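Report on the structure given below.
The values are calculated or read from the model by the stated rules, or taken from the named source; none is laboratory data. Just so it is clear, the model here is predicted, and its values are computed rather than measured. A quick note on method: Cβ atoms are made from the backbone with ideal geometry, for glycine too, and the neighbour counts reach across all protein chains shown.
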Amino acid sequence: MATFRHICDSVAVITLSNPPVNALSSALIQALQKALGEAIRDSAVEAIVICGDKGKFCAGADIREFNKPSQKRGPHLLLLTDLIESNKKPVVAAIEGVALGGGLELALGCHYRVAHVQARVGLPEVLLGILPAASGTQRLPRLIGIAAALTLITTGKYVPAREALKLGIVDKVVGENTVDEAIRLAKKVIGQPLGSRQLSTLPVQCPPNVEALLAEAMVKVKKQFRGAQSPQACIEAVRAAVHLPYTEGIKKEQELYQFLNATHEPRAQQYAFFAEREVAKWTLPSGASWKTVSPQPIHTAAVIGLGTMGSGIVISLAKAQIPVIALEKDKKQLNIGSKAVISLLDRETLKMKQLGHTEATNSLGPVRFTLDYGELRDVDIVIEAVFENMILKKEIFRHLSGICKPEAFLCTNTSGLDIDEIASVTDRPQMIVGTHFYAPAHIMKLLEVVHGRYTSSISISTAMQLAKNLGKIGVLVGNCPLFVGNRLMVLYLQQAIFLVEEGNKLEEIDQTLENFGLAMGPFQMMDLAGLDTLWGCHVEHGLARPEQSSGISTHHHSSKRYSQLLGILCEKSRFGQKSGQGWYKYEKPGGRKAMSDPWLHNFLSEYHGVNNFKTQKITQEKIIEWCLYVIINEGFKVLEDGMASGPEDIDVIYNSGYGWPKHTGGPMYYASLVGLPVVLTKLEKYYEANPDIPGLKPSSLLKNLAALGNPPLKEWRALLGSWSSKL
Ligand code: 3H9
């Protein structure tokens, strides 16, 4: 790992080299400082170009070093950016691949920036619980203005080169030979004054309403990243750029950085970052793993069923340039489905064009609609996305067995049905995989890849690679009822319903959990998912009784507590957003804006009276424990059952599929943050008072780990040798 320099005429080229992404480790910063010093001192050198090895400029500070004590981290990148900027010889950044975080800050210290057309730039520090602390919050606003800088710094958005050019972040975009072009530019500007290129010396161009702009940004981030501190700190740092000279602004930036570092957020977010990458490194008990088993190429695909899920899956495949055949059962459904797909494709094409992807012109190319199963004969993969009904799914898979080529993988998008039962009717059980997409499937990042008893390692490898190709995070889980995500979720939703039965206001429950950081409270989430779908799921998985009897107390069976509320609301045609009323009311069927519904409140007070429920209003703190600790507890049970490889898998599922706040790391990380003994004690207390709710019964794994104190999450697996994945 080093930087090296060579002289091309009078230009020194310094190459950052630290595979795989040229992250700025302390060693690399040190080497860069040394190479710069040499180039500055060398009288034969009149200009300098900084580029990255292997087509990647730099992905920023080395995140793996963040937990090192700061005095051991070597020279600070901030000083280096000042050294570059104050240098009398022009310095040009040649940006290929990425210039992210500290990588972009380094480039902003340079006098000029040339980018390859496919490069992306951004300041994603906020997504790691910190802020750009090598002058990014001070230099970027001076370069592109307050409004654009605020957006980039508070969202962590990656900007493609063409957009970066429009914003003024880079000076030139080239289709090839980025380094050569940077050398050309460097030669051209030798001897020219650099004053206007030294960003730290420039004034910040402020619109007259700058305070209103900052206040608006604050309101937005408080809503969007509820409970997270780094977006707010980012805004404070930009405010400093507005009101203070550069050196004072830098002091404020450093102060805010230290403040954030003293909170749990950076460690939680950085854990979440690495967890996302860890889950791709799957291993099966047989020893087969991502390293040893190659995926089969997927050149063509088919999707069966063009409802909400199927349409989204078609779009996902089309976006990944995989030609797809979309099949429906009859003309009417095909007509409805194809219209939905075409309108989604048009929207995606427009979005891509706005992002500067000119090649996204013929978005309809890869999709073909059909009623004829015969057309699926030669596809490499079929993804079934029909209604959640085992008989129907078996019929389809039996049919596919007879039609598809023997090498075709057959996947089901079931959200919880038994993969083995589906596989049992096929001629190739080893090639049956669960691919559980999340709605809307073309947007949500998560893909649960479900491993059935017969699924081969090649099938797993192929499905995991497909997830990657679709730009998703594939998480491998076992074939248990509802798999992992929904297995935990139904218990959480049930807890929330129990609270309403005890007289707590559903709006308060939603608000409390949203304040904790969840993207949506449980009742709004249920309305979005559809109460009829959830009711069916609750009945199917033993969380409710199938028989319905409005108003009559049927909330216990075999000493297990149930709630029939979902079913009662469905009886009254309150299915959630789609029917315009559910737990909330909406402006129209399909509306999104949830409004408190007086009818529901009257109904609930009658319901309490008839059923004689004991009223138990609880505090916000208890709402959080009561609802979230069942997720954690069931997470431990999933690990105990070997249905997920590790706590990271559960956290990634929740962060990317259920709107869990990443600044707490995920439910399992959050448990270690609260302390396992604390979580255990609370669960024991709640279970003692509610022995009729099995979800509250502490898992043995949690008990064993809590008995060891609060061991770091990374050590859980080693501490409990007997716990092993049954994937
Ligand atoms: C920062 O810069 C702070 C500054 O303001 C200074 C403050 C003082 N460090 O994602 P991939 C690893 S904060 C260390 O699978 P892709 C990653 O773990 C930093 N390692 O590939 C993985 O390792 P492994 C701000 C890093 O092609 C491998 O590289 N920067 C870093 O899909 C490949 O990664 C960011 O937040 C890093 N900075 O995507 C950028 N980045 O093979 C974060 C990656 O062992 N990174 N690795 O699993 C990314 O967004 C993506 O990794 C990137 C590549 C787009 C670069």
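Brief remarks follow.
- Some residue of the stretch 584-601 being more than 30 Å from Pro677 (Cβ to Cβ), among the hydrophobic types (A, V, I, L, M, F, W, C) and in a loop (DSSP other than H, G, I, E, B): yes
- Of the criteria (1) closer than 18 Å to Arg5 by Cβ; (2) in contact with a strand residue (DSSP E or B) (Cβ under 7 Å, 6 or more places away or on another chain); (3) crowded, with 24+ Cβ neighbours inside 10 Å, which one Leu104 fails: (1)
- Put simply, of Lys468, Lys394 the only residue that is under 27 Å from Arg347 (Cα atoms) and surrounded by fewer than 23 Cβ atoms within 10 Å (Cβ to Cβ) is Lys468.
- Residue within the stretch 326-337 that is over 24 Å from the mean Cα position of the chain (by Cα), at pLDDT 95 or above, over 16 Å from Val433 (Cα atoms) and in a strand (DSSP E or B) present: yes
- Every test in (1) away from the ligand (no atom under 14 Å from the Cβ); (2) closer than 16 Å to Gly249 by Cα; (3) over 27 Å from the mean Cα position of the chain (by Cα) is passed by Arg139 save one, and that test is (1).
- Residue match in the stretch 236-251 (condition: in contact (Cβ under 8 Å) with a residue 40 or more places away in the chain and closer than 22 Å to Lys68 by Cα): no
Yes/no matrix, rows are residues, columns are (1) part of a loop (DSSP other than H, G, I, E, B); (2) more than 12 Å from the ligand (Cβ to nearest atom); (3) farther than 18 Å from Arg197 by Cβ; (4) free of Cβ contacts under 8 Å to residues at least 40 places away in the same chain:
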residue: Gln30; (1), (2), (3), (4): no, yes, yes, no
residue: Gln33; (1), (2), (3), (4): no, yes, yes, no
residue: Ser43; (1), (2), (3), (4): yes, yes, yes, yes
residue: Val92; (1), (2), (3), (4): no, yes, no, no
residue: Ala99; (1), (2), (3), (4): no, no, no, no
residue: Leu104; (1), (2), (3), (4): no, no, no, no
residue: Val114; (1), (2), (3), (4): no, yes, no, no
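- Lone unmet requirement of (1) in contact with a helix residue (DSSP H, G or I) (Cβ under 7 Å, 6 or more places away or on another chain); (2) surrounded by fewer than 19 Cβ atoms within 10 Å (Cβ to Cβ); (3) β-branched (Val, Ile, Thr) for Thr247: (1)
- The residues of the stretch 123-135 that are more than 6 Å from the ligand (Cβ to nearest atom) and not in a loop (DSSP other than H, G, I, E, B), listed by number, are Val126, Leu127.
This table checks each residue for (1) loosely packed, with under 15 Cβ neighbours inside 10 Å; (2) touching a strand residue (DSSP E or B) at 6+ places or on another chain (Cβ under 7 Å).
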{"residue": "Arg5", "(1), (2)": "no, yes"}
{"residue": "Asp9", "(1), (2)": "yes, no"}
{"residue": "Ala12", "(1), (2)": "no, yes"}
{"residue": "Pro19", "(1), (2)": "yes, no"}
{"residue": "Leu24", "(1), (2)": "no, yes"}
{"residue": "Ala31", "(1), (2)": "no, no"}
{"residue": "Gly37", "(1), (2)": "yes, no"}
{"residue": "Ile40", "(1), (2)": "no, no"}
{"residue": "Ala47", "(1), (2)": "no, yes"}
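- Hits in the stretch 163-180 - residues which are outside any loop (DSSP other than H, G, I, E, B) and either among the aromatic types (Phe, Trp, Tyr) or in contact with a His (Cβ under 9 Å, 6 or more places away or on another chain) (or both): Val173, Val174, Thr178
- In summary, Val678 fulfils each of the numbered conditions (1) in a helix (DSSP H, G or I); (2) buried (at least 16 other Cβ atoms within 10 Å of the Cβ) with the single exception of condition (2).
- Pairs linking a residue in the stretch 636-665 that is part of a strand (DSSP E or B) to a residue that is among the hydroxyl-bearing types (Ser, Thr, Tyr) and surrounded by fewer than 22 Cβ atoms within 10 Å (Cβ to Cβ), with Cβ atoms under 8 Å and 6 or more positions apart or on different chains, are Ala644/Ser725.
- Any chance Ala275 is in contact with a helix residue (DSSP H, G or I) (Cβ under 7 Å, 6 or more places away or on another chain), part of a helix (DSSP H, G or I) and assigned by the TED database to the domain that holds Ile381: no
- Within the stretch 252-262, the residues that satisfy the criterion of being without any contact (Cβ under 8 Å) to a residue 24 or more places away in the chain and closer than 13 Å to Pro132 by Cα are Lys252, Glu255, Gln258.
- Residues that are hydroxyl-bearing (Ser, Thr, Tyr) and away from the ligand (no atom under 14 Å from the Cβ) were ranked within the stretch 268-288; the one that is modelled with the highest pLDDT is Thr283.
- Only one of Ala161, Ala149 that is more than 29 Å from Glu255 (Cα to Cα) and within 16 Å of the ligand (Cβ to nearest atom): Ala161
- Test for Thr308: is it more than 30 Å from Lys578 (Cα to Cα), away from the ligand (no atom under 15 Å from the Cβ) and surrounded by fewer than 17 Cβ atoms within 10 Å (Cβ to Cβ): no
- Contacts under 8 angstrom Cβ, first residue in the stretch 386-397 being under 15 Å from Gly310 (Cα atoms) and not assigned by the TED database to the domain that holds Thr308, partner of a type in the set (Val, Ile, Thr) and surrounded by fewer than 13 Cβ atoms within 10 Å (Cβ to Cβ), 6 or more apart: none
- Residue match in the stretch 6-17 (condition: touching a Ser or Thr at 6+ places or on another chain (Cβ under 7 Å), of a type outside the set (S, T, N, Q) and either free of Cβ contacts under 8 Å to residues at least 24 places away in the same chain or within 16 Å of the ligand (Cβ to nearest atom) (or both)): yes
- Check on Gln321, surrounded by fewer than 24 Cβ atoms within 10 Å (Cβ to Cβ), in a helix (DSSP H, G or I) and of a type in the set (S, T, N, Q): no
- Thr81 falls short on exactly one of the conditions (1) in contact with a helix residue (DSSP H, G or I) (Cβ under 6 Å, 6 or more places away or on another chain); (2) within 21 Å of Leu194 (Cα to Cα); (3) more than 14 Å from the ligand (Cβ to nearest atom), and that condition is (3).
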